[in-house]
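> Take a look at the following structure, please.
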Amino acid sequence: MPRASLRENLIAAAVQEFHARGYAATGVKDITDAAGAPKGSFYNHFDSKEALAVVALERYGATRRLDDLRDTSVAPLTRLREHFEFLRDENVQAEFTRGCLVGDLAVEVADHSDALRATTSSGLQAWTDALAFAVADAQEAGDVAKTLEAATLARFVLNAWEGALISARADRSARPFESFFTVVFGVLLR
């Protein structure tokens, strides 16, 4: 089996460290230590911590299973529910110590870094688009009212999810997820 490249190790370590500590609290040395790499090697692969954070955000986004939301072989509301159940279960398994890396960095550094603001914004838009695809399918199937545009519903659901993550972390409890599922799937997406 081929050995992972140093660059890939740095990216994986950055995702983990940024997710666990945040951007400001994570230094280049923290990342290189977690990757098992000499600190000087970092700059052979990335111009800055900010440049690595952009790649780390993109890598994290690729793990969010957005393609599953476009899988038309699965009923649209099932796709949506399973998507958020996956995210919920991931958070519960982490004992409510991690939220969404995209949302976390959007809050922490978007005002201070144009590159990270643009990356978090495009990540949230890609997520909204994938959700909107499933919502539109549910509307076409007659499972969700067409009162609002699919994109509007999708962005609202995403915003509600990000808020549920914040509350779950603050409470160290799954109760906010219960409220999210009750309102989103019991009222909004009906």
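The values are calculated or read from the model by the stated rules, or taken from the named source; none is laboratory data. Because the structure is predicted, anything quoted here is derived from the model rather than measured. Neighbour counts run over all protein chains shown; Cβ positions are idealised from the backbone, glycine included. Side chains included, ligands, DNA and RNA excluded: accessible areas come from the protein's heavy atoms. Shrake-Rupley method; radii C 1.70, N 1.55, O 1.52, S 1.80 Å.
> Tabulate in residue order the Karplus-calculated ³J(HN,Hα) for the range 89-96, using 6.51 cos²θ - 1.76 cosθ + 1.60 with θ = phi - 60°, rounded to whole Hz; enter x for Gly and Pro.
4, 4, 5, 4, 4, 7, 6, 6
> I need to check one value: relative contact order of the chain, counting alpha carbon pairs closer than 8 Å and at least 6 residues apart, in percent.
20
> Out of Gln139, Gln16, Gln93, any idea which swings most in a Gaussian network model of the chain, alpha carbons joined below 10 Å?
Gln93
> Same structure again: I'd like the distance separating the alpha-carbon centroids of the range 133-186 and the range 48-66, in whole Å.
Taking the Cα centre of the range 48-66 as reference, the centre of the range 133-186 is 24 Å away.
> Probe radius 1.4 Å, ligands and nucleic acids ignored: give me the carbon and sulfur share of the accessible area of the chain as a rounded percent.
After summing per-atom areas, the C and S share lands at 51 percent.
> Still on this structure: Please turn the phi angles of the range 169-177 into ³J(HN,Hα) values with the Karplus equation 6.51 cos²θ - 1.76 cosθ + 1.60 (θ = phi - 60°), one per residue in order, whole Hz, x for glycine and proline.
Each residue's phi maps through the Karplus curve to give 5, 5, 8, 6, 8, 7, 3, x, 5 Hz.
> Rounded to whole Å and sorted largest first, what semi-axes of the equivalent ellipsoid does the C-alpha gyration tensor of the range 33-137 yield via the square root of 5 times each eigenvalue?
30, 16, 13
> Setting aside same-chain residues fewer than 8 positions from Lys39, which lysines have a Cα under 22 Å from its Cα?
Candidates past the 8-residue exclusion: Lys29, Lys49.
> I need the calculated FRET efficiency for the pair Lys29 and Ala94, taking r as the beta carbon distance and R₀ as 25 Å, to the nearest 0.05.
0.55
> If each residue of separation counts as 0.36 nm, what is the full-extension length gain between Ser5 and Lys39 once their alpha-carbon separation is subtracted?
Fully extending the segment from Ser5 to Lys39 adds 10.7 nm.
> Something else about it: Just going by the charge dipole of the range 83-190, with Lys and Arg at +1 and Asp and Glu at -1 on Cβ, which of Gly123, Gly163, Gln139 is farthest out on the positive end?
Gly163
> Beyond 17 Å, what percent of the Cα pairs of the range 69-190 remain?
Here the long-distance tail beyond 17 Å is 57 percent of all Cα pairs in the range 69-190.
> Which FRET efficiency value, to the nearest 0.05, is calculated for Ser167 and Ala20 with the Förster distance at 25 angstrom and r the Cβ-Cβ distance?
Once rounded, the FRET efficiency stands at 0.80.
> Counting only heavy atoms of protein chains, what accessible area per residue, in Å², does the range 1-117 have with a probe of 1.4 Å?
54
> Mind checking the per residue accessible area of the range 138-190 for me, 1.4 Å probe, whole number of Å²?
Dividing the accessible area of the range 138-190 by its residue count gives 56 Å².
> Computed from the mean reciprocal separation of all distinct C-alpha pairs, what Kirkwood hydrodynamic radius does the range 19-59 have, in Å?
Final number for the Kirkwood radius of the range 19-59 is 10.5 Å.
> Also: Each residue of the range 129-137 in turn: what ³J(HN,Hα) in whole Hz from Karplus with 6.51, -1.76, 1.60 and θ = phi - 60°, glycine and Pro shown as x?
Each residue of the range 129-137 in turn: 4, 5, 5, 4, 4, 5, 5, 4, 4 Hz.
> A further question on this structure: To the nearest 20 debye, what charge dipole does the chain have about its Cα centre, counting +1 at the Cβ of each Lys and Arg and -1 at the Cβ of each Asp and Glu?
240
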